[in-house]
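Just so it is clear, none of the values below were taken in a lab; they were calculated from the coordinates. In this text, all values refer to a predicted model and were calculated from it rather than measured experimentally. When we count neighbours, we look across all protein chains shown, and the Cβ atoms used for this are built from the backbone with ideal geometry, even at glycine.
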Amino acid sequence: MDKFWITKQLGGGSFGTVFEARHQLTGEIVAIKHLRETFSSFEQCVSLPEVQSLSKLRHPNIVQLKDVIFEYDSVFLVFEYMQSSLLDLMMKMPTKFTEEQVRSICYQMFQGLAYIHKKGYFHRDLKPANVLVNDGARVVKIADLGSAKEIDAPPPYTDYVTTRLYRAPEVLLQSGLYGPKVDMWAMGAIMAELFSFQPLFPGQSPDDQMFKICSVIGSPTWESWPEGQLLAQNLNYQFPQLHGVGLPAMIPSASRSAIQLISSLCSWDPSARPTADEVLRHPFFVGNYKIPRAIPWRQSNILPTSNSIIFV
């Protein structure tokens, strides 16, 4: 770590602390995540899900992992620097996003997500805080793959993933057999939030989260989601019987095509949710819209040292 100057702290949480830093030789500005967990070997560091997934993912809409440094039982992950998270940007915006801005942000996110799924992973913790932006969201990148899972990994999977507000119903019902469609549910909730600047399903607990979902899109039936009814029976859980106020009432500024897309993403039945590739061909994104072209991925110019690894 002596090759970096730490310039300021960017944030932190239960995982550790993130700093802004400058490489002493190249002058490159980076973000460094210092993990709170301690490690006994460098091999243990590179086996982390975030390192494993990002070492294989190279896309303009996925944050670039530049280096992994192991020193004195501590791990430092070196990332390309991005100005802000999408959540922070929304908190600072004087006005809500226009539909054109929502379209641009979501298109870039779906491009990154389609690539993640194509490469055999799903994110499991998509939320505005885990999406990074530069230049007022002109460039958008999916970040924080610490909960990423290989699609073909043997189940069951843990049900304690995804921040509650973006957690798919099958995960709320403790299914151990979920897959990439949990990311699509989260994207529907995020897309709605980009219009309103308010969470679509602001639950205070797992039960309240399910109630909030039912109050918006209506309760599932045996016809609309039989697998969900069986999951609920296994938990002795009964869905609240609500018709739902509907998405247009929650996000009145959204166009009909936007509402249709969010509705399909927030389908009770995971099999009814479109894939990320399918979403990119949805009418919301098709037409004479000014969607920015992806900026080519650039390799790191950070120079390796002992006990570090460079991804090129």
Convex hull volume of the Cα atoms in region 4-81, per residue, in Å³? 101 Å³
Prolate/oblate/rounded label for region 162-292 (Cα gyration tensor, a/c 1.5): prolate
Taking Cα pairs closer than 8 Å and at least 6 residues apart, the relative contact order of region 64-140 in percent is 36 percent
Nearest 10, in degrees from 0 to 90: the angle of helix 256-265 to the longest Cα principal axis of the chain is 80 degrees
Given GluC sites (Glu not before Pro), DSSP loops and at most 14 other Cβ atoms within 10 Å, the longest exposed-site-free stretch of the chain is 38-222
Go through region 7-107 and name the chymotrypsin sites (Phe, Trp or Tyr not before Pro) that are in a DSSP coil and have 11 or fewer other Cβ atoms within 10 Å of their Cβ. Y72
If I fit a long axis through the Cα atoms of helix 206-217 and take the longest principal axis of the Cα atoms of the chain, what angle between them do I get, 0 to 90°, rounded to 10? 60 degrees
What is the Cα convex hull volume of the chain when expressed per residue in Å³? 139 Å³
Test of understanding: given the chain, find the longest segment containing no trypsin sites (Lys or Arg not before Pro) that are in a DSSP loop and have at most 15 other Cβ atoms within 10 Å. 139-280
For region 1-140, what does the convex hull of the Cα positions come to per residue, in cubic angstrom? 120 Å³
